[in-house]
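Colleague: What follows is a structure written as structure tokens; I'll ask about it next.
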Amino acid sequence: MNWGTILDNTLSFMLSPETIGFMLAALGLAVHFGYAGLLNFGMAGFMAIGAYGYAISILSFGFPWWAAMLVSIVGAVIFAILLGIPTLKLRGDYLAIVTIAAAEIVRLLFQSRVFDEWTNSADGLGGYHDSFRSANPIPEGTFGIGPWEFTSDQWWSRLFGLFLVALGLLLVWLLMRSPWGRVLKGIREDEDAVRSLGKNVYLYKMQALIIGGVLGALGGVVIALPSAVIPQYYLPSLTFFVWTALLLGGAATLFGPILGAVLYWGVMAFLAGLLPAMANEGWLPMSSTAAGNFRFVLVGLALMLLVAFRPQGLLGNKKEMTFVK
Amino acid sequence: MTAKLTPSRQARRAGALLLLLCGLLALDLFGAPPGGAQDAPGGDEPAQDADAPRFRGTLEDKKGTRTRSDDEPVAGVVIIARDASGEQVAETTSAEDGSWELVLPGPGTFTAEIDADTLPSGLALTERDPRPVTVNAGESKIQIFELGARTRNQVTTFDRILQLSFAGVRFGLIIAITSVGLSLIFGTTGLTNFAHAEMVTFGAIIALWMWNLGLPILLAIVVAVIASGLFGWSFDAALWRPLRRRGIGLVQMMILTIGASLAGRYIFLIFIGGGTSQLPGTGGVRHQIFGPVKLSTVDMVSMGLSLLVLLAVSYWLLRTRIGKATRAVADNRQLASASGIDVESVTRIVWVIGGALAGLSGVLWAYFRPGIKWDMGVQILLLIFAAVVLGGLGTAFGALIGSLVIGILVEVSTLWIPSDIKYVGALGVLVIVLLFRPQGLLGRRERVG
């Protein structure tokens, strides 16, 4: 077993666009669940809208990359409003079911042959990278140390993603220490109390849904930036993976989503190297493919253990999670 | 859909072949009547044609589906060949089994055409552009005529609606079996159980496993249903009862079911791999029931079984003591507890019944899809939720009605929308119901917080 390669891949993956995209999506989910108490299980839908909005704007309409990102943001806002109107007045478990259903509607529509002209149905989209890469200010070449050695283009998508994460963190930090954020946390703790103070609870929830949704869509864009957009990626399980990352770090904390995403993908990349290698060595009684899938069993178990024994996550404070009941 | 021949189809083929052989024998015995060879492809051809190029093929009515098992041979259709100048050079008629062969005058470029006037009424040729094909001496090229593929004219819209509604009822009954269990579990414990999908898959996998061990399929299904009931019981005993005792919140429990669903699904993937396996008897011959509705034996048994089980569950809920207690607990847990009902034991029974029902519907869903796959349960999970929400969360009979509506809607909507987005309609209904009647069809207003 080659420990060096496994560790190298793990460390490298902790700074991959997928990890950075997960940071943004988990941050958006923190706004939904951690701060507003909304059980949004449709994050995959927001991420799909972000990624498809970006890719389709460039491929079908010839937008420059920054305008395509604006399209993604507008798409997420519209989706959040459409999703919020029927659901935000409902109890938590209804919201969970409807958000999953809405995200599946989005995925099925992107995957359908009906819109093949724009979405390329099940094959997905690719080859939209030129515009973003032409804006790359980093000179040609390969930079970095150890496992984090990337080409100029690879650095550009990573650094841009991290820049978005920093912006998102700043936004969430400013919002949550503002009066608006305090009202939001109040809604999370006791909706009726806030309503009796004359606040429009519905409007606050809607705003939180929009802000978190936009962060999720940007996460989808960052994941899609250097790669391709495949409809099968945006299954409900993607939402659950983001949830696991969020709950690992701490749902009602600022840096919890960031830490959670890094740890989640670190562990996943480590296991993706370790488990098949163990199977090949004969230490696990299964094929290397099955061993690779075994990490998703561990994800499920980790999610269960986290929720049962440490719902506040690694960074959280248990008092902040009394609303989870 | 398997491309394998079903036994009955093989039998039909064999029968046609036998008929052909008898025909040839008869020709041999009584001397060939003039033109008789035309109807018997591959039979005695004049010796001078041994080197002549040929076109051949089989005419089959595809019935507007991709399913091969419902294809029917089309006999008595005139097929002609034209040369490059458009002159007719050969003519034949398709045989009883739909096969035909044209003997061409020599090497060259020819076009095979169907004489549309000789087609049975209502059947149309899908591909209308015959392409010229070049053949060499001694060559025999297969020419395909798409009959009844995709567009099938003899089926009226009304017939289609009838067929699809029937398929919808079949599908709806399968969903109903699961959703009644899911709704009862929600009603008695407040738990939104996303892992119900894995209980569905579990039943199908156990049935397959038992059948592979050599049990007859009916016994395998019985074992699978019992195992699923035990699975439901142990799921509750190992996980949910201790958590209820700890007073863990419902939202936490819901996220826990999602973790359990993920873990369970990937355990199935590790055990049975990513492929699809079939239970025996899948995709048998369909018998005509009435009008355009055709059902295979498995379909009929499946529907009958679903109805029987649903009736039994209804009787249990309405007439037995424990059933009444279950409804009382579903209605109001505290009140039921205060009036002396053993709420914990009712919950246990509901988990066993919910598990067994999910397992049974898993087996039926495996026949309906068809095939057993590691994520087959998740594929219908949202439809089950849609059915439960449409009927009213926590109401068993609401779930039943909701399931039938969702099943019929999913199937009939394919008349107007492409089938790859047929679930979108049902999920849309879920959203719309919540917008206008969040308590569902049979729910009561105060249930929705």
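Coordinate-derived values only; no laboratory data. Everything quoted here is computed from the prediction, not taken from an experiment. Backbone-built Cβ (ideal geometry, glycine too); neighbour counts: all protein chains shown.
Colleague: In Å, what Rg and Dmax follow from the Cα atoms of region B:312-436?
Modeller: 16.9, 54
Colleague: Right, another one. What spacing in nm lies between the two simple spin-label points modelled at B:ARG131 and A:PHE255, each 7 Å away from Cα in the Cβ direction?
Modeller: That separation, rounded to one decimal, is 6.5 nm.
Colleague: Measure out, as a whole number of angstrom, how far apart the alpha-carbon centroids of region B:276-340 and region A:64-109 sit.
Modeller: Cα centres, region B:276-340 to region A:64-109: 35 Å.
Colleague: Based solely on C-alpha atoms, express the radius of gyration and the Dmax of region A:269-325 in angstrom.
Modeller: 16.0, 47
Colleague: Most mobile of A:PRO226, A:PRO137, A:PRO236 per a Gaussian network model of chain A (Cα springs, under 10 Å)?
Modeller: A:PRO137
Colleague: Further, regarding this structure: Among B:ILE255, B:SER296, B:PHE268, whose Cα lies farthest out toward the positive end of the dipole of region B:218-297, if unit charges sit on the beta carbon of Lys, Arg (+1) and Asp, Glu (-1)?
Modeller: Value computed over the given set: B:ILE255.
Colleague: Can you find, among A:SER227, A:ALA67, A:LEU271, the residue farthest towards the positive end of the dipole of the protein assembly as shown? Put +1 on the C-beta of Lys and Arg, -1 on that of Asp and Glu.
Modeller: It is A:LEU271, whose Cα lies furthest towards the positive end.
Colleague: Treating the beta-carbon of each Lys and Arg as +1 and of each Asp and Glu as -1, no other charges, what is the dipole magnitude of region A:63-205 about its Cα centre, to the nearest 20 debye?
Modeller: 760
Colleague: Under a 10 Å cutoff between Cα atoms, tell me which one of A:ALA290, A:ALA80, A:ALA36 has the largest fluctuation in the Gaussian network model of chain A.
Modeller: Taking springs between Cα atoms under 10 Å, the residue moving most is A:ALA290.
Colleague: Would you mind computing, in nm to one decimal, how far apart the modelled labels at A:LYS199 and B:VAL78 are, each placed 7 Å from Cα along Cα→Cβ?
Modeller: 8.4
Colleague: Would you order A:HIS32, B:HIS287 from fewest to most other beta-carbon atoms within 10 Å of each residue's own beta-carbon?
Modeller: Fewest-to-most Cβ neighbours within 10 Å comes out as B:HIS287, A:HIS32.
Colleague: Short version: what are the Cα gyration tensor semi-axes of region A:1-102, square root of 5 times each eigenvalue, largest first, in whole Å?
Modeller: Each semi-axis is √(5λ); the values are 29, 23, 10 Å.
Colleague: Would you pull out the residues with amide H under 5 Å of B:ILE372's amide H, same chain only if 5 or more places away, H placed 1.01 Å from N?
Modeller: Under 5 Å from the amide H of B:ILE372: B:SER277, B:GLN278, B:LEU279.
Colleague: If you take every DSSP beta bridge fully contained in the protein assembly as shown, what fraction is antiparallel? Give it as a percent rounded to 5.
Modeller: In the protein assembly as shown, DSSP labels about 90 percent of beta bridges as antiparallel.
Colleague: Moving on to the next point. Let me have the relative contact order for chain A, percent, based on Cα pairs under 8 Å that are six or more residues apart.
Modeller: 33
Colleague: Explain nothing, just the number: dipole magnitude of the protein assembly as shown about its Cα centre with +1 on each Lys and Arg Cβ and -1 on each Asp and Glu Cβ, in debye rounded to the nearest 20.
Modeller: I would put it at about 4460 debye.
Colleague: I've got another one for you. Among A:LYS89/B:LYS422; B:LYS373/B:LYS422; A:LYS205/A:LYS318; A:LYS89/A:LYS319; B:LYS294/B:LYS324; A:LYS199/A:LYS318, which pairs are too far apart, with a Cα-Cα distance over 32 Å?
Modeller: B:LYS294/B:LYS324
Colleague: What order do you get for B:ASP236, A:ASP190, B:ASP97 when you list them from fewest to most C-beta neighbours inside 10 Å?
Modeller: Least to most surrounded, the residues fall as A:ASP190, B:ASP97, B:ASP236.
Colleague: Per-residue mean of other chain beta-carbon atoms within 10 angstrom of the beta-carbon, peptide B:320-331?
Modeller: The mean count of partner-chain Cβ atoms within 10 Å per residue comes to 0.
Colleague: Which order results if A:MET321, A:MET47, A:MET1, A:MET69 are arranged by neighbouring Cβ count within 10 Å, fewest first?
Modeller: A:MET1, A:MET321, A:MET69, A:MET47
Colleague: Can you give the net charge of the other residues whose Cβ lies under 11 Å from the Cβ of A:MET268, counting K and R as +1 and D and E as -1?
Modeller: 0
Colleague: With all distinct Cα pairs included, what does the Kirkwood hydrodynamic radius of chain A come out to in Å, to one decimal, could you say?
Modeller: Radius from the Kirkwood sum: 20.4 Å.
Colleague: Go through region A:120-126 residue by residue and turn each phi into a ³J(HN,Hα) via Karplus (6.51, -1.76, 1.60, θ = phi - 60°); whole Hz please, and just put x for glycine and proline.
Modeller: For region A:120-126, the Karplus curve yields 6, 5, 5, 6, x, 10, x Hz.
Colleague: Mean separation of Cα pairs under 8 Å and 6+ residues apart, divided by the residue count of region B:316-431: what relative contact order is that in percent?
Modeller: 16
Colleague: How much net charge surrounds B:SER234 when only other residues with a Cβ under 11 Å from its Cβ are counted (Lys, Arg +1; Asp, Glu -1)?
Modeller: Within the 11 Å Cβ shell, the charges total +1.
Colleague: What does the structure give for A:300-311 when I average, per residue, the other chain Cβ atoms found within 10 Å of the residue Cβ?
Modeller: 6
Colleague: Then there's this: Could you work out how far the C-alpha centroid of region B:374-446 sits from that of region B:177-217, in angstrom?
Modeller: 19
Colleague: Enumerate the amide H contacts of B:GLY76 below 5 Å, restricted to partners 5 or more residues apart or on another chain; note that Pro and chain-start residues carry no placed amide H.
Modeller: Hits under the 5 Å cutoff: B:SER94, B:ALA95.
Colleague: So, one more: Any idea what the relative contact order of region A:132-177 is, in percent, if you count C-alpha pairs under 8 Å spaced at least 6 apart?
Modeller: Answer for region A:132-177 is 27 percent.
Colleague: Taking the Cα centre as origin and putting +1 on Lys and Arg beta-carbons and -1 on Asp and Glu beta-carbons, what dipole magnitude results for chain A, to the nearest 20 debye?
Modeller: About 1220 debye.
Colleague: Now for a different question. Extent of the protein assembly as shown along each principal axis, from alpha carbon coordinates, in Å, largest to smallest?
Modeller: 100, 78, 56
Colleague: Okay, moving on. Mind listing the phi-derived Karplus ³J(HN,Hα) values for region A:180-186, rounded to whole Hz, using 6.51, -1.76 and 1.60 with θ = phi - 60°, and x for any glycine or proline?
Modeller: So the Karplus estimates, Gly and Pro as x, are 4, x, 5, 4, 4, 5, x Hz.
Colleague: A further question follows. So what is the 222 nm mean residue ellipticity for chain A from helices alone, if each DSSP H run of at least 4 adds -39500 (n - 2.57) and you divide by all residues, rounding to the nearest 500 deg cm²/dmol?
Modeller: Using -39500 (n - 2.57) per qualifying helix, the result is -22500 deg cm²/dmol.
Colleague: Taking the Cα atoms of region B:156-239, report the difference between the largest and smallest coordinate on each principal axis, in whole Å and largest first.
Modeller: Result for region B:156-239: principal-axis Cα extents of 54, 40, 15 Å.
Colleague: Springs between alpha-carbon atoms under 10 Å, Gaussian network over chain A: tell me which of A:PHE163, A:PHE240, A:PHE255 tops the mean-square fluctuations.
Modeller: Its mean-square fluctuation being the largest, the pick is A:PHE163.
Colleague: Taking amide H positions as placed 1.01 Å from N in the peptide plane, with prolines and chain starts having none, which residues 5 or more places from B:SER140, or on another chain, fall under 5 Å of its amide H?
Modeller: Close amide H contacts, sequence-distant or interchain: B:ARG54.
Colleague: Right, here's the next one. Along region A:79-94, what does the Karplus equation 6.51 cos²θ - 1.76 cosθ + 1.60 (θ = phi - 60°) give for ³J(HN,Hα), rounded to whole Hz, x for Gly and Pro?
Modeller: 4, 4, 5, 4, 6, x, 3, x, 10, 5, 8, 8, 5, x, 5, 4
Colleague: Report the one residue of B:THR395, B:HIS287, A:MET23 whose Cα lies farthest in the direction of the positive end of the charge dipole of the protein assembly as shown (charges on C-beta: Lys and Arg +1, Asp and Glu -1; origin at the Cα centre).
Modeller: B:THR395
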